[in-house]
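Trainee: One structure is given below, represented as structure tokens, and several questions about it will come after.
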Amino acid sequence: MFKHEKQLLHEVRIDKPNPTYATMLTEQVGGPNGELKAAMQYMAQSFRIKDPAIKDLFLDIAAEELSHLEIVSTTVSLLNGHNVDSQAVQSGHIESHVLTGLAPYLANASGVPWSAAYVNVTGDLVADLLSNIAAEQRAKVVYEYLYRQINDRYVRETIDFLLNREEAHNTLFREALNKVKDTGSNVDFGVDEDARLYFDLSTPGKYFDVGQPQPPAFQTPDLSSAQVTGGALGGAKQQQPDGQPNLPQ
């Protein structure tokens with residue numbers, strides 16, 4: 001059962017309408033690394049989880065992702081303004097101006113509709129957790145790219161909030177993986193001789209080895225020594241000389 005609270009999880013404001021920014025943010029509405037994908041993936045995965053604590057975690061995060069979808073969609077709606085004007089969109093899709101009447105379109109920034117093919121479910125808890133960790137990392141990168149290109153202080157505040165929530169989810173999924181790291185597809189990991197072979201098929205040199213393959217695992221963060229920094233955009237905690245955040249190139 002779901003209960004909808006009218007108050008958004010994070011306040012949404014904008015400097016002024018900007019349909020191009022709206023189109024860019026649509027990527028996180030219906031894109032392959034967006035909020036709808038995350039909510040549906042974690043919820044679908046939860047149905048076969050036997051561990052009650054981890055099942056609860058998946059459903060908690062899925063519900064929060066739906067609230068993120070609400071935040072992003074509200075931002076997109078505000079940025080679209082009050083008048084349909086496809087000419088105001090410098091790049092990306094114009095479906096909001098010719099089809100949905102400025103309502104957010106469940107698609108990526110190019111207008112490709114959301115697809116259930118984005119959702120990864122295996123029924124193996126280890127594999128699903130690893131998929132979710134990667135999904136949160138990819139979502140963080142997308143938000144970093146959006147932050148770099150959207151010059152609206154209030155939208156940036158929203159992106160900053162969402163990006164940091166991706167980091168929180170990433171951490172929680174890694175903690176859950178540590179609880180089950182010796183189960184499922186991690187059982188008998190690397191015991192066969194074929195799992196210990198490295199085929200050096202490129203030149204120059206051999207830089208890696210797989211002599212002792214280990215199952216995927218993560219070190220639990222030491223929260224007692226964690227340092228809190230202000231304005232904590234994940235990739236932008238340190239600034240370049242020109243004041244721009246240090247984001248992936």
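Just so it is clear, none of the values below were taken in a lab; they were calculated from the coordinates. If you're wondering where the values come from, they're calculated on a predicted model, not measured in any experiment. Neighbour counts run over all protein chains shown; Cβ positions are idealised from the backbone, glycine included.
Trainee: Which far-off residues, 5 or more places away or on another chain, put their amide H under 5 Å from the one on ALA107, with H placed in the peptide plane?
Mentor: GLY30, TRP114
Trainee: For n ≥ 4 DSSP H runs only, could you compute -39500 (n - 2.57) per run for the chain, divide by its residues and tell me the 222 nm figure to the nearest 500?
Mentor: That calculation yields -14500 deg cm²/dmol at 222 nm.
Trainee: Another question about this same structure. Springs between alpha-carbon pairs under 10 angstrom, Gaussian network model over the chain: which of GLU27, GLU193, GLU65 fluctuates most?
Mentor: Greatest mean-square fluctuation among the candidates belongs to GLU193.
Trainee: So how strong a dipole does the chain carry about its Cα centre when Lys and Arg Cβ are +1 and Asp and Glu Cβ are -1, to the nearest 20 debye?
Mentor: Rounded to the nearest 20 debye, it is 400 debye.
Trainee: Enter the angle in degrees (range 0 to 90, nearest 10) between the Cα long axis of helix 35-46 and the first principal axis of the Cα atoms of the chain, meaning the one along which they spread out most.
Mentor: Helix 35-46 sits at roughly 40 degrees to that axis.
Trainee: Ranked by Cβ crowding within 10 angstrom, fewest neighbours first, how are ARG153, ARG196 ordered?
Mentor: Sorted ascending by nearby Cβ count, the order is ARG153, ARG196.
Trainee: Please report GLU70, GLU11 as a ranked list, fewest other C-beta atoms within 10 angstrom at the top and most at the bottom.
Mentor: GLU11, GLU70
Trainee: Averaged over all directions, how much area does the convex hull of the C-alpha atoms of the chain cover when projected, in nm²?
Mentor: Its average projected convex-hull area is 17.9 nm².
Trainee: If R₀ is 30 angstrom, what is the calculated FRET efficiency for the pair ASP182 and ALA116, using the beta carbon separation as r and rounding to 0.05?
Mentor: 0.45
Trainee: While we're looking at this one, here's another question. Go through LEU162, TYR105, VAL121 and say which Cα lies farthest out towards the positive end of the charge dipole of the chain; charges sit on Cβ, +1 for Lys and Arg, -1 for Asp and Glu.
Mentor: Towards the positive end, the residue furthest out is TYR105.
Trainee: For GLU11 and ALA168 in one chain, what is 0.36 nm times their gap in residues minus the Cα-Cα distance, to one decimal in nm?
Mentor: Gain in length upon complete extension: 54.6 nm.
Trainee: Connecting C-alpha atoms closer than 10 Å in a GNM of the chain, tell me which of ALA176, ALA135, ALA88 has the biggest fluctuation.
Mentor: ALA88
Trainee: Okay, moving on. In nm, to one decimal, how far is the modelled label at ASN151 from the one at LYS50, with both set 7 Å along Cα→Cβ?
Mentor: Each label point lies 7 Å from its Cα, and together they span 5.7 nm.
Trainee: As a footprinting exposure proxy, order LYS37, LYS206, LYS6 by other Cβ within 10 Å, with the fewest listed first.
Mentor: Ordered from fewest to most neighbouring Cβ atoms within 10 Å, LYS37, LYS206, LYS6 come out as LYS6, LYS206, LYS37.
Trainee: With an 8 Å Cα cut-off and a minimum separation of 6 or more residues, compute the relative contact order for the chain in percent.
Mentor: Averaging sequence separation for qualifying contacts and normalising by length gives 20 percent for the chain.
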